[in-house]
1. Just rank Ser264, Ser211, Ser23, fewest to most, by other beta-carbon atoms within 10 angstrom.
2. Relative contact order for the stretch 171-257: what is it in percent, counting Cα pairs under 8 Å that are at least 6 residues apart?
3. Provide Asp257, Asp157 in ascending order of the number of other Cβ atoms located within 10 Å of each residue's Cβ, fewest first.
4. Just need the relative contact order of the chain here, percent rounded to a whole number, with Cα pairs under 8 Å and 6+ apart.
5. When you count, for each residue, the other Cβ atoms within 10 Å and take the mean per peptide, how do 94-106, 219-231 rank with the highest first?
6. Go ahead and run the numbers for FRET between His25 and Ser267, Cβ-Cβ distance against an R0 of 51 Å, rounding to 0.05.
7. Say R0 is 22 Å: what FRET efficiency, to the nearest 0.05, do Gln232 and Trp17 get from their beta-carbon distance?
8. Among Met1, Met107, which comes first, then next, by fewest other beta-carbon atoms within 10 Å?
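Quick note: the coordinates plus some simple rules give every number you see, no bench work behind them. Treat the numbers as computed from the prediction; the structure is a model and nothing was measured. Quick reminder, even Gly has a Cβ in these numbers, built from the backbone with ideal geometry, and neighbours come from all protein chains shown.
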Amino acid sequence: MNIYLYTDEEGVAGVDWWDHRTSTHPFDIARCQRARELLMGEVNAAAEGAFAAGAQHVLAVEGHNTSFVYELADPRLEIVTGRGYPEWIPEIDSGFTAAFVIGAHAMYGTPGATLAHAFNYEQQRQWNLCGRKVGEFGAFAAICGVHGVPVIMGSGDDKFCAEARALLPGIETAQVKKGIGLHCARHLSTKCAREKIRETAQRAVAKLAKSKPEIYRPSGPPYVFRLKMNEQQNPILRSGVELRAISDTEIELRGDDLLAVIGSGASY
Ligand SMILES: [Zn+2]
């Protein structure tokens with residue numbers, strides 16, 4: 001069993017602030033480092049659960065720029081880090097049995113959700129994939145689905161967990177905090193959050209032996225991805241993808257290749 005362990009940072013327990021990673025203020029630098037260390041603890045907890053349930057290989061992927069502390073990773077993990085990935089979701093392929101997402105957050109505009117956004121909060125990005133409102137999680141699950149990989153486990157706040165279960169009812173979720181506002185949350189302790197993630201990951205992988213998990217497949221072709229934000233959008237269109245402007249700030253991408261459609265939408 002081969003697990004693709006994707007990560008973000010805003011859904012980690014203990015984190016309720018944006019990652020000001022370009023700031024040189026000592027307070028911001030310290031806070032960035034804390035978030036990274038908290039994330040690594042949750043990544044390792046998820047990996048531990050997966051290995052305990054029989055996974056042979058886990059690939060941990062840094063989904064949030066410069067959020068990994070490489071040397072803190074469980075030694076059994078293989079790790080993807082860096083900038084300028086050729087694809088938003090790098091190194092995913094049909095060789096993976098299942099995927100996890102750790103430290104995930106709800107879509108932009110979710111009431112009460114901690115740090116809810118898509119890619120960039122300031123841009124107020126709102127997505128609709130094939131008739132369904134999605135955030136980063138939905139787009140991630142769709143990409144995994146193209147490769148035949150089910151997303152079986154996710155962790156984050158209660159709003160993220162609800163969003164994930166609404167899309168994939170069989171997914172195992174570890175709620176590590178309750179969103180009480182955009183910049184605040186009611187967190188589990190580090191120890192409890194990690195324990196919950198470990199148990200949830202173990203349960204999700206163990207379930208694979210008993211039942212076939214659902215794979216998210218948006219309706220199509222053609223696949224239609226509507227993207228709205230508060231400024232003009234200039235995606236780099238992949239081959240076979242057509243763009244139609246709906247307004248100054250809303251566009252529609254359409255094509256028969258779902259990866260190309262989402263890839264174009266995630267290109268800027
Ligand atoms: Zn994110």
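1. Numbers: Ser264 25, Ser211 8, Ser23 12.
By the 10 Å Cβ count, ascending, the order reads Ser211, Ser23, Ser264.
2. Values: 88 pairs, mean separation 20.0, N = 87.
Once normalised by length, the contact order is 23 percent.
3. Working: Asp257 18, Asp157 32.
Going from least to most buried by this count: Asp257, Asp157.
4. Details: 614 pairs, mean separation 55.9, N = 268.
21 percent.
5. Details: 94-106: 24.2, 219-231: 17.2.
Highest-to-lowest ranking by the protection proxy: 94-106, 219-231.
6. Values: r = 31 Å, r/R0 = 0.61.
E(calc), rounded to 0.05, equals 0.95.
7. Numbers: r = 29 Å, r/R0 = 1.31.
E between Gln232 and Trp17, to the nearest 0.05, is 0.15.
8. On the way: Met1 16, Met107 22.
Arranged by neighbour count, lowest to highest, Met1, Met107 become Met1, Met107.
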